[in-house]
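Values in this text are rule-based calculations from the coordinates and carry no lab data. It should be emphasised that the depicted structure is a prediction, and the values quoted were computed from it without experimental measurement. Here the Cβ positions follow ideal geometry from the backbone for every residue, glycine too, while neighbour counts run over all protein chains shown.
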Amino acid sequence: MSDPTPPKPQILLEALRCQADLALAKLQSTTMSKNPSIKGASREEVIREFMRCFLPASYAIGHGEVFSADNERSRQVDVIIHDNMFSPVFRTGDGGILIPCEAVYGSAEVKTRLDRKGWQVALENIASVKRLERAPSDLIDILPNVRLQFSSSFTVTGPDQPSNPYLGIVVGLEGLSAETLTNDLNDRMSRGEGALLPDLIACVGSEHLIGRYNRRNDEAFRIGKATLGSAYDGFRAFHVGDFVLSSLHLGLNVLLSDIRLKNRDLASDWLDELLWIDKKSQIEALFAAAERAGVLSAEVAWDEMESEAQARGDHDIASKLRDLRGRGTVEHDGE
């Protein structure tokens, strides 16, 4: 009796593994450079290119900084996974981007040497993105800029957690063991830092992938969608051999597919900007009048105007206001 026909390999997995092999070869080629900065930048670009290879066109990969509506900024991050269709992106002169947090799916850090110092830097950079506040999305945010409209009596039911958590990834080429990293992550989680920790860690040198897990009733492990943005039981390392990068990309696709972004409403920003420009025009007119007459009116809300200028980062107007205040005032007409 002849042997049964062996099962065909899954095309998706084979394609991922081929791209992962190419990425590993490119990472190896970067060792020819002796300049740490050039070597690090080259390896970051290899990982960005690898992440980009199988993502739909609606996702984009860049590097730079993320900012929130309350003007907080992340640290400089190696990889930013962001919306490529509905959200504004500001290109910086060095090839990086400055992007609103509402447009960000997640971030990643790439470390040639994931020693204790590099690990701490990676954790801090991931956390600097995850702590940026943004409005939560839910099941009726069907696109970043489209929300279904229902009657006022309609209520959304579903998970308590928002549908737009930040995804965090760390890729380390060599350094700390998977056991050391997993123990550190679980210790940090026990100290209440779970919300700011990365979701996936790829240890290329030791051939491990570390991810969050939940335990089901039957005590089996569950990873992936069930853990992103939700409470979870801990971190676990999986020894995946040569397939660490392909396993990472597969997990990336799984986790990204469960994130629904929600754009910032720019209408209020537009109105605020128009009102501020109008007020600036009044201040400029006041300044011009003072230049001509050498005197000022006593009835000017100096503190309010200067505070608003400072809050908006308009240092030129704030400087003019301070200059005007220093010139003194005159009596009202008729006094």
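With only alpha-carbon atoms counted, please give the Rg and Dmax of region 39-121, in Å.
13.1, 38
Could you check the spin-label model distance between SER29 and SER307? Points 7 Å from the Cα along Cα→Cβ, value in nm.
5.9 nm
Could you order peptides 125-132, 306-313 by the average number of other Cβ atoms within 10 Å of their residues, highest first?
125-132, 306-313
Sorted by mean Cβ packing within 10 Å, highest first, what order do the peptides 169-180, 19-30 take?
In descending order of packing, they fall as 169-180, 19-30.
In terms of Cα to Cα distance under 17 Å, which lysines are near enough to LYS130, apart from those fewer than 8 places away along the same chain?
Counting by Cα, and skipping residues close in sequence, LYS130 has these lysines nearby: LYS262.
Using the per-residue mean of other Cβ atoms lying within 10 Å as a proxy for protection, in what order, highest first, do the peptides 142-150, 234-242 fall?
Going by the mean number of other Cβ atoms within 10 Å, highest first, we get 234-242, 142-150.
Tell me which lysines have Cα within less than 29 Å of LYS26's Cα, excluding those fewer than 8 residues away on the same chain?
Leaving aside lysines fewer than 8 places away in the same chain, those within reach of LYS26 are LYS8, LYS34, LYS39, LYS111, LYS117.
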